[in-house]
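Structure record follows, encoded as structure tokens.
Readers should treat all values here as calculations from the given coordinates under stated rules, not as data from a laboratory. Because the structure is a prediction, the values reported are computed rather than measured. Cβ sites come from the backbone with ideal geometry, for glycine too, and all protein chains shown count toward neighbours.
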Ligand code: PMP
């Protein structure tokens, strides 16, 4: 029987861990069925507790851009572990990775390391508020910036998947400072600025959204946000937790040629270890403790194992001039060929893709905001997901998530994936 051991492990896990998982999307609640428990991963593949092997299109939700357990990253972590894995003091390694990033990413002078994307976004907002002396922020429906209180208002990712985008436990006082606009709807942003003049500290956005499925900015949306933020002395925050070092080394700032005032990172920057970061110009970053008054700290921030994994990953990417063309090409092939197959089966769909981030919406119309993503046929997605899973293709378990293509996904894996999709039965 498929997933037999995973099923037993899930039963056991539910006794001790809320819902049996340490992060909600893992529970397969929206697609149904038993979450697959993995025991190892290498390159493009993951192996589950029943020894079934999958081609992985989640890649730890983005970090494993080189594929899993890359030999050079593994060796670097092992070597570092022998020297110690947490000092709680500054290390040379932290400056090394900060320098590499600051010198190669547009428009940032300083970077502060934290341990998750949530921390990065939460801290960036606090800094923006402290720097501007204002309280309100604008976020977009369907964007996810981690689970800190200010962001759990019409949030994407698991919050959208499970129908609780506005979480209980977030106080009305906090919620009132988070203003909402529709992604790609600049008029709504203008209205919010008009109604809250002089009060908006920051606009935070996923420059390519990945948490309502993959949704791209349209009609110079990012450029327009830049302009209105400048006009109102509001900080523009790009949440590049997904897009950073994935769309390009310089992330969405480089691809769209729009400068953000603060940028948050996570995922790829830690090479699979728990890392997040936020960065910006000197005048803003200098407001942070210990130099400035805005407080932020972390016992394990800049952890040497995490820094070593991140640094090695970033160096491998940076020293390979074909890296981005290669993963983008693999994603482009998947995009094109999956589209052809679904067309031949007369299945209405839209594939949204930027570089190596993509998702398939079973929807007749284009998807450029959360409402449109919600209109897609999610039960058909669930069916698609399960047929692929049973045949060894591991997609994100929700139509509100993005597929992440890794460098380990090559012709062989693409061919196998397409072969499985050709057999997809639409009922
Ligand atoms: N921002 C974005 C764009 C994300 O996709 C995520 C996580 N998927 C986060 C922030 C939060 O990161 P973490 O889960 O590491 O806290």
Task: Geometric extent, Cα atoms of segment 341-427 - Rg, Dmax (angstrom) - done: 12.7, 36
Task: Packing-based order for 166-179, 395-408, 296-309, using average beta carbon neighbours within 10 Å, highest first - done: 395-408, 296-309, 166-179
Open item on the list: Per DSSP helix of 4 or more residues, -39500 (n - 2.57); summed, then divided by the residues of the chain. What does that give at 222 nm, rounded to the nearest 500?
Closed with: -11500 deg cm²/dmol
Open item on the list: Using a 7 Å offset from the Cα along the Cα-to-Cβ direction at both residue 53 and residue 332, what is the distance between the two label points in nm, to one decimal?
Closed with: 3.0
Task: Stretchable slack from residue 219 to residue 60, in nm (0.36 nm times residue separation minus alpha-carbon distance) - done: 54.1 nm
- [ ] May I ask for the Kirkwood hydrodynamic radius of segment 71-318, worked out over all distinct Cα pairs and given in angstroms to one decimal?
- [x] 18.3
Task: Taking the chain and dividing mean pair separation by its residue count, relative contact order in percent (alpha carbons under 8 Å, at least six apart) - done: 22
Task: FRET efficiency for residue 300 and residue 187, using Cβ-Cβ distance with R0 set to 30 Å, rounded to 0.05 - done: 0.10
Open item on the list: How far apart, in nanometres, would the label points at residue 1 and residue 227 be if each is projected 7 angstrom from Cα along the Cα-to-Cβ direction?
Closed with: 6.1
TODO: Can you figure out the FRET efficiency of residue 344 with residue 319, using R₀ = 35 Å and their beta-carbon distance, to the nearest 0.05?
DONE: 0.30
Open item on the list: Please report Rg (one decimal) and Dmax (integer) in Å for the Cα set of segment 51-113.
Closed with: 15.6, 47
- [ ] Only Cα pairs under 8 Å and at least 6 apart count here; give the relative contact order of segment 71-318 as a rounded whole percent.
- [x] 30
TODO: Could I have the simple spin-label model distance between residue 82 and residue 39, label points 7 Å from Cα toward Cβ, reported in nm to one decimal?
DONE: 2.9
Open item on the list: Against the 2.2 N^0.38 Å scaling, with N counting residues, where does the chain land? I'd like the Cα-based Rg ratio to two decimal places.
Closed with: 0.95
Task: Prolate/oblate/rounded label for segment 40-165 (Cα gyration tensor, a/c 1.5) - done: oblate
TODO: Let me know the whole percent of all Cα-Cα pairs from segment 15-60 that are separated by more than 13 Å.
DONE: 62
TODO: Pairs of Cα atoms under 8 Å, at least six residues apart: use those to get the relative contact order of segment 128-186, whole percent.
DONE: 38
